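Visitor: This is the structure, below, for whatever I ask next.
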Amino acid sequence: MVQLFEGCNGSINFFFEKKFIATLPLNKHLTYEKYIKNSDKIIVEGLQKGENLSTIKRKFWTAVHKLKYEDTLSYQDSHFLGIAVLGLIKLKQIDADGDEEGILIMPPYSRKKR
């Protein structure tokens with residue numbers, strides 16, 4: 001069972017091979033755009049170090065395949081896995097709105113008042 005991390009603005013949920021694999025909170029400081037910038041930063045830093053795109057893609061795929069079967073992920077592992085999926089989306093390896101892989105941005109859960 002994947003641990004849910006929800007912020008005051010909701011969460012980003014990641015799916016891979018029709019399986020829910022990770023979640024990241026959304027709040028005032030952690031926005032979807034900030035997560036995208038983090039994945040872009042990793043790609044740019046890899047290119048600046050002399051790695052080619054195929055090596056960066058392989059590292060992202062390795063991270064996703066190693067962590068997707070974990071039952072309980074720490075926040076750091078969930079964050080790393082989410083950034084790897086966002087990097088693969090940026091590199092056009094995963095479709096963000098795909099039927100087997102992708103992301104789902106959820107609003108915050110609100111309980112009904114009785």
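Visitor: Could you tell me which residue of region 77-107 is surrounded by the most Cβ atoms within 10 Å (Cβ to Cβ), considering only residues that are in a loop (DSSP other than H, G, I, E, B) and in contact with a Leu (Cβ under 8 Å, 6 or more places away or on another chain)? Step through it out loud before you land on a result.
Guide: Of region 77-107, the ones in a loop (DSSP other than H, G, I, E, B) are 91-96, 98-101, 107.
Retained after the next criterion (residues that are in contact with a Leu (Cβ under 8 Å, 6 or more places away or on another chain)): 91, 94.
On the way: L91: 15, I94: 23.
Looking at the filtered set, the residue picked out is I94.
Visitor: Restricting to region 59-76, give me the number of residues that are part of a helix (DSSP H, G or I) and either among the aliphatic types (A, V, I, L, M) or touching a strand residue (DSSP E or B) at 6+ places or on another chain (Cβ under 8 Å) (or both). Quick ask: steps written out before the conclusion?
Guide: So the first thing to find is which residues in region 59-76 are part of a helix (DSSP H, G or I), and the list is 59-67, 75-76.
Narrowing further to those that are either among the aliphatic types (A, V, I, L, M) or touching a strand residue (DSSP E or B) at 6+ places or on another chain (Cβ under 8 Å) (or both): 63-64, 67.
The number of residues fulfilling the criteria is 3.
Visitor: On to the next question. Can you tell which of K34, K49, K57 is within 13 Å of the chain's Cα centre (by Cα), surrounded by fewer than 19 Cβ atoms within 10 Å (Cβ to Cβ) and not aliphatic (A, V, I, L, M)? Give the derivation first.
Guide: On the way: K49 fails: within 13 Å of the chain's Cα centre (by Cα); K57 fails: within 13 Å of the chain's Cα centre (by Cα).
Result: K34 is the single residue among K34, K49, K57 that is within 13 Å of the chain's Cα centre (by Cα), surrounded by fewer than 19 Cβ atoms within 10 Å (Cβ to Cβ) and not aliphatic (A, V, I, L, M).
Visitor: Restricting to region 1-20, count the residues that are buried (at least 16 other Cβ atoms within 10 Å of the Cβ) and either hydrophobic (A, V, I, L, M, F, W, C) or out of contact with any strand residue (DSSP E or B) (no Cβ under 7 Å at 6 or more places or on another chain) (or both).
Guide: Result for region 1-20: 6.
Visitor: Cβ-Cβ under 9 Å, sequence separation 6+ or interchain: first residue in region 24-43 and under 17 Å from M106 (Cβ atoms) and polar (S, T, N, Q), partner loosely packed, with under 13 Cβ neighbours inside 10 Å and at pLDDT below 95. Which pairs?
Guide: From residues that are under 17 Å from M106 (Cβ atoms) and polar (S, T, N, Q), the pairs are N27/C8.
Visitor: Suppose the filter is of a type in the set (S, T, N, Q) and either part of a loop (DSSP other than H, G, I, E, B) or surrounded by 12 or more Cβ atoms within 10 Å (Cβ to Cβ) (or both); does T23 pass it?
Guide: Values: of a type in the set (S, T, N, Q): yes; either part of a loop (DSSP other than H, G, I, E, B) or surrounded by 12 or more Cβ atoms within 10 Å (Cβ to Cβ) (or both): yes.
Judged against the criteria, T23 is a match.
Visitor: Continuing with the same structure: Could you tell me whether region 99-110 includes any residue that is closer than 25 Å to N27 by Cα and polar (S, T, N, Q)?
Guide: Going through region 99-110, the residues closer than 25 Å to N27 by Cα turn out to be 101-110.
Restricting the remaining residues to those that are polar (S, T, N, Q) gives 110.
Yes, region 99-110 contains at least one residue that is closer than 25 Å to N27 by Cα and polar (S, T, N, Q).
The values are calculated or read from the model by the stated rules, or taken from the named source; none is laboratory data. The structure presented is a predicted model; accordingly, all values stated were derived computationally and were not measured. Ideal geometry is used to build each Cβ from the backbone, glycine not excepted, and the neighbour counts take in all protein chains shown.
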